[in-house]
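K.L.:
What follows is a structure written as structure tokens; I'll ask about it next.
The values are calculated or read from the model by the stated rules, or taken from the named source; none is laboratory data. Keep in mind it's a predicted model, so treat the numbers as computed, not measured. Here the Cβ is made from the backbone with ideal geometry for all residues, glycine too, and neighbour counts use every protein chain on show. Note: areas computed on protein heavy atoms with side chains; ligands, DNA, RNA excluded. Shrake-Rupley method; radii C 1.70, N 1.55, O 1.52, S 1.80 Å.
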Amino acid sequence: MDVSSTSYPLKMFPLLSGSALKIIAVLSMVADHCAYYLLDGNTWAYEVMRCFGRIAFPVFAFLVAEGFAHTRNRMRYFFSLMLFAVVSEVPWNLLNGADGTHNVMFTLALGVAALAAFERLWEHRILCCCSILMTAWLAAWLEADYEWRGVLMIVVFYLLNMGKNTPVTLRRIMQLLFAFPLMMHYGIIGALLACAVIFLYNGTRGFIHGNVAKYCFYAFYPAHLFLLCIC
């Protein structure tokens, strides 16, 4: 969905494309992981980088919800995320000592599964809700990064963007209000920064497009984990 800059209600602000959101999320993720795996936890640099790092997941969750809404092949979207989740398990286990947790790509894939369940079962409200909650429970049971909160964050971003007759600014505010309680579990300042980034999204794809760029973006996650393993 492209929203022209002339019609967007927040055109007085420096708006961000989907590509800009991806770059911000990637930089935030790298800062977070560098601090967590490489720095002393008692330093000022550690605290600042970890705070900045809290931007990453809410933005990724938002982008997954947007991607699901606009992808032509939901099944391929899910299996692409699962493939990179499996690949990422090798460096994830090397970094975390096979502690029983699993990387965040599983959480994103389960979020897509929850959205697919909603789309397929929304006329059967009880079954639909149970399916979403079971998917969130599965993320918690697997101890995937961000667990059930991550899955529900993706669902909130998707559901509260469905009223196309509602002004985009109001939809964005509602998305962030309902997602914020899930975000703040990982730090209020980081959650506020993530909200600011998402609020400035202008609905356009930006400069990152095409399958090669998309899969390179996916591949960056396991690649940067491998680099951290050898640092």
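K.L.:
Kindly indicate the residue of segment 93-109 that is farther than 20 Å from Arg54 by Cα and in contact (Cβ under 8 Å) with a residue 40 or more places away in the chain and also most open to solvent (accessible area, probe 1.4 Å) among those meeting that condition.
P.N.:
Leu94
K.L.:
Being modelled with pLDDT of 95 or more, open to solvent by 50 Å² or more (accessible area, probe 1.4 Å) and under 17 Å from the mean Cα position of the chain (by Cα) is the requirement here; does Leu177 meet it?
P.N.:
The answer is yes for Leu177.
K.L.:
If only one of Leu170, Leu133, Leu115, Leu127 is open to solvent by 40 Å² or more (accessible area, probe 1.4 Å), out of contact with any Cys (no Cβ under 9 Å at 6 or more places or on another chain), in a helix (DSSP H, G or I) and closer than 30 Å to Pro222 by Cα, which one is it?
P.N.:
Just one listed residue meets the conditions, Leu133.
K.L.:
Can you confirm whether segment 57-68 contains a residue that is in a helix (DSSP H, G or I), farther than 19 Å from Ile198 by Cα and of a type outside the set (Ser, Thr, Tyr)?
P.N.:
Among the residues of segment 57-68, not one is in a helix (DSSP H, G or I), farther than 19 Å from Ile198 by Cα and of a type outside the set (Ser, Thr, Tyr), which makes the answer no.
K.L.:
Separate question: Which of the following residues is in a helix (DSSP H, G or I), surrounded by fewer than 20 Cβ atoms within 10 Å (Cβ to Cβ) and without any contact (Cβ under 8 Å) to a residue 60 or more places away in the chain: Val90, Val48?
P.N.:
Selected residue: Val48, the only one of Val90, Val48 that is in a helix (DSSP H, G or I), surrounded by fewer than 20 Cβ atoms within 10 Å (Cβ to Cβ) and without any contact (Cβ under 8 Å) to a residue 60 or more places away in the chain.
K.L.:
I'm trying to understand the selection: among the residues of segment 184-216, which are at pLDDT 90 or above, in a loop (DSSP other than H, G, I, E, B) and hydrophobic (A, V, I, L, M, F, W, C)?
P.N.:
If the condition is that a residue be at pLDDT 90 or above, in a loop (DSSP other than H, G, I, E, B) and hydrophobic (A, V, I, L, M, F, W, C), then Leu200 is the only one that fits.
K.L.:
Restricting to segment 141-162, name every residue that is aromatic (Phe, Trp, Tyr), under 18 Å from Phe178 (Cβ atoms) and over 12 Å from the mean Cα position of the chain (by Cα).
P.N.:
Listed by number, the list holds a single entry, Trp148.
K.L.:
Test Phe79 against the stated conditions and say whether it is of a type outside the set (Lys, Arg) and open to solvent by 50 Å² or more (accessible area, probe 1.4 Å).
P.N.:
So Phe79 fits the description; yes.
K.L.:
Give segment 138-167 a look and list any residue that's of a type in the set (A, V, I, L, M) and either more than 19 Å from Arg125 (Cα to Cα) or part of a helix (DSSP H, G or I) (or both), or say none.
P.N.:
Once the filter is applied, which keeps residues that are of a type in the set (A, V, I, L, M) and either more than 19 Å from Arg125 (Cα to Cα) or part of a helix (DSSP H, G or I) (or both), segment 138-167 yields Leu138, Ala139, Ala140, Leu142, Ala144, Val151, Leu152, Met153, Ile154, Val155, Val156, Leu159.
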